[in-house]
Amino acid sequence: MKQSTQSYTVTEAKRKLEAYCAYQERCHKEVVQKLRGMNMIPLAIDTVVSHLIEHNFLNEQRFAQSFARGKFNIKKWGRNRIVRELKIRDISKYNINSALKEIDINNYHKTLDTLAKKRLAQIKEKNLYKRKKKLADYLLYRGWESHLVYEKINQLVRT
């Protein structure tokens, strides 16, 4: 991220960050990073962040829920990957658990099934064990739980 040499008043920063948060859900960490990039002093950062929270521009729980829904529905990520990414953004355990409740369990299993079948069709490997490994690596990388992955592989790849 490039550092700007321009300085902002607290009021200007509030307006700029209101627009930044209104455009897309943001976590506290992203907002603080943006403010640091704007060369704001720590006291001003705290003032702006508390203003954004007070006026509901910034809400960690709403961010976590939106993030989990989006990454599952659009990128087809599993729970492990979503949790890992939320932890990187310093989201609390409570908010992470509340975000995971946004994912419907039936839809979750259906998505895993669809994703596994699609990927299996793309794998051209002839060796059965290498085929299984490639499919497992792909699904595990995307954050699907290992017990679900191996259960699905054994169901799809028969000897």
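This table checks each residue for (1) out of contact with any Ser or Thr (no Cβ under 6 Å at 6 or more places or on another chain); (2) among the acidic types (Asp, Glu); (3) more than 30 Å from ALA13 (Cβ to Cβ); (4) at pLDDT 95 or above.
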residue: VAL83; (1), (2), (3), (4): yes, no, yes, yes
residue: ILE88; (1), (2), (3), (4): yes, no, no, yes
residue: GLU102; (1), (2), (3), (4): yes, yes, yes, no
residue: ALA121; (1), (2), (3), (4): yes, no, yes, no
residue: LYS126; (1), (2), (3), (4): yes, no, yes, no
Exercise for the section: Those residues that are farther than 18 Å from ARG84 by Cα, outside any helix (DSSP H, G or I) and of a type outside the set (A, V, I, L, M), I need them from the stretch 97-141; list them, please. Expected result: ASP104, LYS124, GLU125, LYS126, ASN127
Fill in the blank from the handout: By residue number, the members of the stretch 9-67 that are among the basic types (Lys, Arg), farther than 21 Å from VAL83 by Cβ and under 22 Å from the mean Cα position of the chain (by Cα) are LYS34
Practice task
Report, ordered by the first and then the second residue, all pairs with beta carbons closer than 9 Å, sequence separation of six or more or different chains, a first member in the stretch 133-147 that is more than 22 Å from LEU100 (Cα to Cα), and a second member that is β-branched (Val, Ile, Thr).
Solution key: LYS134/ILE123; LEU135/ILE123; LEU135/VAL149; LEU135/ILE153; LEU135/VAL157; ALA136/VAL149; ALA136/ILE153
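Does LYS76 qualify as being within 26 Å of ALA136 (Cβ to Cβ), part of a loop (DSSP other than H, G, I, E, B) and outside the structural domain of GLY143 (by TED's automatic domain parsing)? Show your work before the answer.
Details: within 26 Å of ALA136 (Cβ to Cβ): yes; part of a loop (DSSP other than H, G, I, E, B): yes; outside the structural domain of GLY143 (by TED's automatic domain parsing): yes.
Taking the combined requirement at face value, the residue satisfies it.
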Exercise for the section: Just name the residue that is surrounded by the most Cβ atoms within 10 Å (Cβ to Cβ) out of those in the stretch 47-86 that are touching a Lys or Arg at 6+ places or on another chain (Cβ under 8 Å), aliphatic (A, V, I, L, M) and closer than 16 Å to ALA22 by Cα. Expected result: VAL48
Completion exercise
Being within 18 Å of the chain's Cα centre (by Cα) and either of a type in the set (D, E, K, R) or assigned by TED's automatic domain parsing to the domain that holds PHE72 (or both) narrows LYS133, LYS118, LYS101, LYS124 down to just LYS101
Problem - LYS87 out of contact with any Phe, Trp or Tyr (no Cβ under 8 Å at 6 or more places or on another chain) and in a loop (DSSP other than H, G, I, E, B) - result: no
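The values are calculated or read from the model by the stated rules, or taken from the named source; none is laboratory data. Nothing here was measured: the structure is a model prediction, and the numbers come from that model. Virtual Cβ from ideal backbone geometry, glycine too; neighbours counted across all protein chains shown.
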